[in-house]
Structure formats: structure tokens, C-alpha cells
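Undergrad: The structure that follows is given in the form of C-alpha cells.
What follows draws every value from the coordinates through simple rules; no lab data is involved. Because the structure is a prediction, the values reported are computed rather than measured. So basically every Cβ, Gly included, is an ideal-geometry build from the backbone, and we count neighbours across all protein chains shown.
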Amino acid sequence: MNNLVFISTKKESEALSAVGFEVFIIDEKQQLIKVLKELNHYVKVIAYDSELKDLIKVYQQEKKGVYPIFLELPLESKNIGNKVLDMKERIKKSIGIDLL
């Protein structure tokens, strides 16, 4: 299994395999749970489409170690603005300065 995993509901995300991600396309919540449970301890980054944010959060809270790193990637333009604001707020909270 690859160190980098991307999970999405969109077929277009298969393009990320060209940059080293092992891509999983899912249709329903049960598939997501199955994929997440089958990931081994070698996975360092779990990237996912913004649509799966709420489902991934539940799994993310169960993981207590440094790895895997969870990375939300908005694949639709309507989600990009929200993600930028979220990142801006996280940076501000972590270092106390508004950089963006």
C-alpha cells in the first residue's frame, strides 16, 4: 500500500494517482469505513474530498498518533473559499498571527 491515499466520490480524482496517491473512489458511507479500516500503519497522508469531511472527522478523532496526517482537498470551486478561510483560521490559532 502507498504512503499517500486519496479518498473521493468523484471519478476525476483518479488523476491524483499520477502524483503518487493511491486513489479510492467510494459511493457510500460503508465503503468509506471499509477503506479506512483496511489502511495499514504505513499510510502517512490521508487526503480526502471536502464532501467527506464530516465522515472523515469521526475516524480522525479515533487516531491519536502523529500519522496519518489528514488533508482535506476541495475538488469543487464552491468549496475552495471555505477551505481557504479554514486554513487562515487554523494558522491564526496556531501561531497567533493573521498571515493570510
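Undergrad: Tabulate in residue order the Karplus-calculated ³J(HN,Hα) for the range 45-55, using 6.51 cos²θ - 1.76 cosθ + 1.60 with θ = phi - 60°, rounded to whole Hz; enter x for Gly and Pro.
TA: 10, 10, 9, 8, 5, 4, 4, 9, 3, 5, 5
Undergrad: Listed highest first by mean packing, meaning other Cβ atoms within 10 Å per residue, what order do 30-36, 13-19, 59-65 come in?
TA: 30-36, 13-19, 59-65
Undergrad: Starting from 0.36 nm per residue, how many nanometres of slack lie between K37 and K11 once their C-alpha separation is accounted for?
TA: Details: separation 26, 0.36 × 26 = 9.36 nm, distance 2.16 nm.
Residue separation times 0.36 nm, minus the Cα-Cα distance, leaves 7.2 nm.
Undergrad: Another question, if that's okay. Quick check of the Kirkwood formula: for the range 1-74, what is the inverse mean of 1/r over all pairs of different Cα atoms, in Å?
TA: Numbers: mean 1/r = 0.0818 Å⁻¹.
Across the range 1-74, the inverse of the average 1/r is 12.2 Å.
Undergrad: Also, quick follow-up: First measure r as the distance between the Cβ atoms of Y67 and E28, then evaluate 1/(1 + (r/R0)^6) with R0 = 35 Å and state the FRET efficiency to the nearest 0.05. Before the final figure, lay out each step's value.
TA: Values: r = 27 Å, r/R0 = 0.76.
According to the calculation, E is roughly 0.85.
Undergrad: What FRET efficiency would be calculated for the residue pair K57, A18, taking the C-beta separation as r and a Förster radius of 41 Å, to the nearest 0.05?
TA: Values: r = 28 Å, r/R0 = 0.68.
So, using R0 = 41 Å, E works out to roughly 0.90.
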